[in-house]
Amino acid sequence: HDLNRDNLTAFIARVPGVSEVSIGHALIADALELGYSATIQDYLRCIRDAA
């Protein structure tokens, strides 16, 4: 459960076949600081960058 914007890209890039991750707590914590929309966009960027 320690995945966040700092390590999500590396995790997805290094672990083949990942189709789901548990980022709920980190996502909400980030959203409190950055806003929900900006946070979602940044997590999507992390996923795209892993490809």
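Quick check on my filter: what residues within segment 2-40 are under 15 Å from residue 51 (Cα atoms), of a type in the set (S, T, N, Q) and outside any loop (DSSP other than H, G, I, E, B)? Hit for segment 2-40 is 9, nothing else.
In segment 11-29, of all residues being within 10 Å of the chain's Cα centre (by Cα) and surrounded by 12 or more Cβ atoms within 10 Å (Cβ to Cβ), the one that is farthest from residue 1 (Cα to Cα) corresponds to 12.
A short reminder: the numbers here are calculations on the coordinates, not readings from a lab. Just so you know, these numbers come straight off a predicted model, no measurement behind them. Cβ atoms come from the backbone with ideal geometry, glycine included; neighbour counts cover every protein chain shown.
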